[in-house]
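Structure first, commentary second.
The values are calculated or read from the model by the stated rules, or taken from the named source; none is laboratory data. Values in this document were obtained by computation on a predicted structure and should not be read as measured data. FYI the Cβ positions are ideal-geometry reconstructions off the backbone, even for glycines, and counts take in every protein chain you see. Please note that ligands, DNA and RNA were not included when accessible areas were found on the heavy atoms of the full protein model with its side chains. Shrake-Rupley method; radii C 1.70, N 1.55, O 1.52, S 1.80 Å.
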Amino acid sequence: MRSSQRYPQTKRRCRSRAPAVRPVLFAALLGVATATGRPFSAAAADREPPSNASCLDCHSEREVVGPRYLVDPGDLAVGPHAAAAVQCVDCHTKAATVADLTEHGRLGRASCDGCHEAAAELAAGEHSSTGVVAGRRSPSCSTCHGLHRILAVGDPASPVAPARQAATCGQCHRAAVIGSFLASVHGRAAGDSTPAKDASGSPRPRCSSCHGPHRIEHGDVLRSPRFKLAMVTACSGCHPKVAAEYRGSVHGVALLQRNAIESASCVDCHRGHEIYRPGDPRAAVFATRVTDDCAKCHADATLIRRFNLPGNVVESFQLSYHGLAGREGDVRVANCATCHEFHAVYRATDPRSSIHPRNLAKTCGKCHLGATDRFIQGTIHVSAGSQQHRAVAVVRALYVWLIAMILGGMALHNVLDFLRKMRLRRARQAAEPTIERLTRLERRQHAVLIASFFLLGYTGFALRYPGAWWVAPLRWAGTTEVFRSLLHRVAGVGPILAGLFHLGFLRWHRRGREQWTQLVPRLRDVHELIDNVRYYLGRRPHPPRFGRFGYIEKAEYWALVWGTAVMAITGLVMWFQVQALRWLPRWVFDVCATVHFYEAILAVSAIVVWHFYFVMVNPEDAPLSTVFLDGRVTLEHLREHRPAEYDELVRRGALPSEGAGEGASEGPAEGSGGPGEGRAARESGGPEA
């Protein structure tokens, strides 16, 4: 008999009943059940439960039940549920409560635990109702298997089929995780069309191979230590030989027998999803990366203290030939696993260990053919405290003292040579007439720039490269990153204040106004540059006739002006980051940080390449121009290098008499007007040597 004949009013009532009537109907039915003392379910049990066909009379039509309760009849006709003649009521009555009373009886959300024990396993794992993460609703059976079209796991069309599991899990899990798995050696095998096993007969990996199908532990070993233990068992299913080696190793014994959860396991070395073949450069156990992988534990001070491990094995290995060559990318050189093995890692005193004295010749012989007992007596992990022959210690001590004495003697000799030659040059200059080129006020401005520039450069790059060798003094002094940042910012105030003072000097000081008129770039500077290059190349017999400031000094002066402004603006934006981001977009702040870094590189490099050459390396002033100390140059130097300026001073009668000596050009106090040589000396002063 058709369901419409057995329940002739059902379909008609479903069509006509409005949603607002349902609460009233429920209250009426509940009242009847209460008045008669007979449960509704008992009353509903008097009649035969509806079949799938009866349910589909309504639930197969969208206009009757709407999209939420719509069921495709074809979904119920396939899969193991159809083969076992499972009915709708078999699933929808198991978890029904009093609140789920309907005209058909007590019907609620489908429940699988009546037939499938896996439902209880699901509730005990990370996918249970307590496993909600970031507001996402916890997955249920239907999330993975589907609502009504439930196919066998072995069916290639099933969402949980081996080749489709990654896509199914990817509906909730991050694309990066799934993408890493699909790119890994496991993911490529799981995507093969062969459903169950590979050519060797081993099971093909899929998500459930490691995580399990239902009781899924959290992948973070700190939150779920059981997962780390379970992974050893999971990996053993496909890698039995490797697992057997691991179980007997120091790592396996510590983890599996002593419950030392920090000990290395499969996922610690090979990772969870980013698993590649050892020969793949992306692999964590690749030849040039395996040392860094081991260092995560063997260079960790906490683990070293807890498990009484040797404290310097990583550092001493990295300083050895093997370590240095490996860091340069040599894949042939020995790494940790080459000597200690990958999985069968034992204590050095264990006869099974590859580094046991009885096995060292064989281990070293893998790379060093014909290695003898004398060869293996060498030490791989070399450090200052290593046990070595007394002769080695004696030779090392002798050479340390020899190096110190020889280099120290050389340095002392050159210092004495430098000081003597500087005194002789000063004596010659004292016997010659000189003129003041930098006034005392200008030398003080220059001194502030020198101090702040070097302090800024040192502390700034120390913040960027805290592990560099030249940052060792700051580390030795016990300074923190906070202190270095404060020191860098305080140093940055120096150029800002010096720049503001210099603006006032140019605007209100007579000397500054005179300097300004000669610092303005002119077309003549371009011609001087061209003529000077031609002179360097031998295409011109004489250099240009430079005035007080040539293109060399002007280029450096205006570069300083530009650099100070740029570094000050970007530095203040970075200093007051919170306040700046209230008004500026984030990308503007990032641009300021980038400009600040690269402008610092440009400034330091320009000082070394340009300024240091002209005041230190230039043969005419080497080893050091002393103008920044006393502010004076000889008339001969002025006549040779600044002929235009010299001629102008001669025309104005502003030069000291020949042979007048060093004090001939001294005049009134700086900045004040006055006749004679004093005024000429002030007019010839400037910001550059």
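Numerical summary
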| quantity | calculated |
| --- | --- |
| Within-15-Å neighbourhood charge of residue 458 [Cβ basis; K, R +1; D, E -1] | +3 |
| For region 247-385, size of Cβ-based charge dipole, Lys and Arg +1, Asp and Glu -1, in debye | 360 debye |
| Simple spin-label estimate for residue 605 and residue 582 in nanometres, 7 Å along Cα-Cβ | 3.8 nm |
| Share of carbon and sulfur in the accessible heavy-atom surface of region 233-321 [1.4 Å probe, %] | 56 percent |
| Cα centroid of region 438-453 to Cα centroid of region 252-287, whole Å | 60 Å |
| Above-threshold pairs, the threshold being 28 Å between Cα atoms, out of 241/362; 421/554; 241/366 | 421/554 |
| Selection from 583, 516, 533 lying farthest towards where the dipole of region 457-607 points positive, charges on Cβ | 516 |
| Accessible surface, per residue, of region 249-318 when the full set of protein chains is kept, probe 1.4 Å, Å² | 55 Å² |
| Nearest-10 value in Å² for the accessible area of residue 369, using the 1.4 Å probe | 150 Å² |
| List 613, 276, ordered by accessible area with a 1.4 Å probe, largest first | 613, 276 |
| Ranking by accessible area, most exposed first, for 536, 69 with a 1.4 Å probe | 536, 69 |
| Per-pair calculated FRET efficiency, R0 = 51 Å: residue 396 and residue 542 via Cβ, rounded to 0.05 | 0.30 |
